[in-house]
Every structure is written in C-alpha cells, then in structure tokens.
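Quick notes on the structure that follows.
The values are calculated or read from the model by the stated rules, or taken from the named source; none is laboratory data. Just so we're clear, the structure is a prediction, and the values are computed from it rather than from any experiment. For neighbour counting, all protein chains shown are included, and Cβ atoms are generated from backbone atoms with ideal geometry for every residue, glycine included. Calculation scope for accessible area: heavy atoms of the full protein, side chains included, ligands and nucleic acids excluded. Shrake-Rupley method; radii C 1.70, N 1.55, O 1.52, S 1.80 Å.
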Amino acid sequence: MSIRVLIADDQAMVRAGFGALLAAQPDIEVVGDAADGAQALAQVAEHEPDVVLMDVRMPVMDGLEAVRYLLADAPERPRVLMLTTFDLDDYVYAALRAGASGFLLKDAPAAELVHAVRVVAAGDALLAPSVTRRLIADFAARRPVDQAGPTTITALTPRELDVLRLIARGLSNQEIAGELVLAEQTVKTHVSRILAKTGLRDRAQAVVLAYESGLVTANSR
C-alpha cells in the first residue's frame, strides 16, 4: 500500500516541489496540500493521510497550533513531520513535545525528504540527524526539570532507564543493542514498554521526556 501524504506550507513553490518529488516515488501518493494550518486540518479530515508535512510558520494557523489540534483528535494518525527553515526553532521543540514525529529542514536533500516520509510512516521518529539531537538538547537545557508533568519515569525499570538514556542520545535500536550488549529484538521490547508505561506516542516524545525529567542533560554522554 502506498503512503498517503499531505503537504502543508504557505509557499506554493515548496508545496509544488515537494509534491512532485514525493509523487514520483512508487510507494508514495500525495493526496492534498494546504497553505496554512486551518486548511491542513480540513484536508486531513477529508483525505486521511498517513503523513503530514507541516510547515512550522504559516499564516492563519501556524504549524504548532495545527499539530496540537490534529494530534489531540487523532493520537494515532496521521504522523506529522515538521518542516522548518531554521535548525534551532522554539516551535520545533514544542511540536515534538505535542506529538510530532520529527522535523526536517526545508533545504534537506531530496533523498532525505523521501527517507523521512518513509521513516515516519513506519511509526518511527526521525531522530537520527545530529541537528535533531542538538535542537532537543539545546532547548531542554533551558527548561527547568518538570517533575509534575503528565508522564513520569518512575515506573521504568533500571534497564528501561538505560535504554531511554540511549534513545535520548539519538541511538538506533541496533546501536543501543551494541551499547548494552543485548539482542536488537530485546531492545525493541524495552522501547515498546517504555512508550506504554509513560503513555508516549513515539521515540521523539521519549527523548523530550528524558531531558525534561532530568534523566539526561544536554551535557550527558
């Protein structure tokens, strides 16, 4: 089955360029586009995409507000990939916290955009690029530890805490397995349990939780 994608960006050239690139992929179908967040919500209701490419800064309703509305109503779908011109943007951090599955710079190579859509559609968070780790660490370091948040780490076992620390460093399941000398399937099980116990949507929110709970700091290694 093809991945159904909606593109929300206030620049018509960006929508057209991304749309043409993605539509050329055999496993991706562009089902609509929107010029602002309000239009994006309406298009999502009409077309039910699997992935929404959501610009951070748009008129009428910006991407952050749209993500909050969208994921409050449909916590499982669609997955949201934030688009931004700036690699250090407060809105991007807030969007990850609201449930977006990752973000991508608009000037990223074409292959990276296609890969990002596939990764997010598969239910994973786009955390591999070093810029993502830097952004999360930078903004989390500026915020006080949130001990009263809706999700906590108190229910996690010591091994799950170890896995969460490594998730926050941006490591993949394979890399975590190597670091902890575990089977990759065991790591996947730990990740699933972490998300279930904390009530989080995906790895992106797990990274945010790790920083905001104080489990990991910007200077952690």
Worksheet item: Would you call A38 modelled with pLDDT under 95 and open to solvent by 60 Å² or more (accessible area, probe 1.4 Å)?
Response: no
Worksheet entry | Check on D33, of a type in the set (D, E) and either part of a loop (DSSP other than H, G, I, E, B) or under 19 Å from the mean Cα position of the chain (by Cα) (or both) | no
Discussion item. Which pairs turn up if I take residues in the stretch 32-54 that are under 22 Å from H115 (Cα atoms) and of a type outside the set (A, V, I, L, M, F, W, C) and look for partners that are in a loop (DSSP other than H, G, I, E, B) and open to solvent by 10 Å² or more (accessible area, probe 1.4 Å) with beta carbon separation below 7 Å, at least 6 apart in sequence or on another chain?
Written reply: D50/R77
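Would you point out which residue out of V51, V44, V56 is hydrophobic (A, V, I, L, M, F, W, C) and farther than 21 Å from R203 by Cβ?
Details: V51 fails: farther than 21 Å from R203 by Cβ; V56 fails: farther than 21 Å from R203 by Cβ.
Checking each option against the conditions leaves just V44.
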Worksheet item: Is it the case that some residue within the stretch 179-199 is at pLDDT below 85 and either closer than 22 Å to L81 by Cα or in a helix (DSSP H, G or I) (or both)?
Response: yes
Worksheet item: Counting only residues that are over 15 Å from G102 (Cα atoms) and of a type in the set (D, E, K, R), which one in the stretch 43-66 is least open to solvent (accessible area, probe 1.4 Å)?
Response: D62
Discussion item. List pairs: first residue in the stretch 192-217 and in contact (Cβ under 8 Å) with a residue 24 or more places away in the chain, second residue open to solvent by 40 Å² or more (accessible area, probe 1.4 Å) anywhere in the structure, Cβ distance under 6 angstrom, at least six positions apart or on different chains.
Written reply: K197/A155; V208/R97; E212/D146; G214/V145; V216/R165
Worksheet, complete the sentence: Scanning the stretch 62-109 for residues that are among the hydroxyl-bearing types (S, T, Y) and part of a loop (DSSP other than H, G, I, E, B), the one modelled with the highest pLDDT turns out to be S101
Worksheet, complete the sentence: Per the filter on the stretch 193-209, residues of a type in the set (A, V, I, L, M, F, W, C) and open to solvent by less than 20 Å² (accessible area, probe 1.4 Å) are I194, A204, A206, V207, V208, L209
Discussion item. Looking only at the stretch 174-190, count every residue that is crowded, with 20+ Cβ neighbours inside 10 Å and either in contact with a Lys or Arg (Cβ under 7 Å, 6 or more places away or on another chain) or under 22 Å from R77 (Cβ atoms) (or both) and tell me the total.
Written reply: 1
Response to the item:
Within the stretch 12-31, the count of residues that are under 18 Å from L105 (Cα atoms) and in contact (Cβ under 8 Å) with a residue 24 or more places away in the chain comes to 4
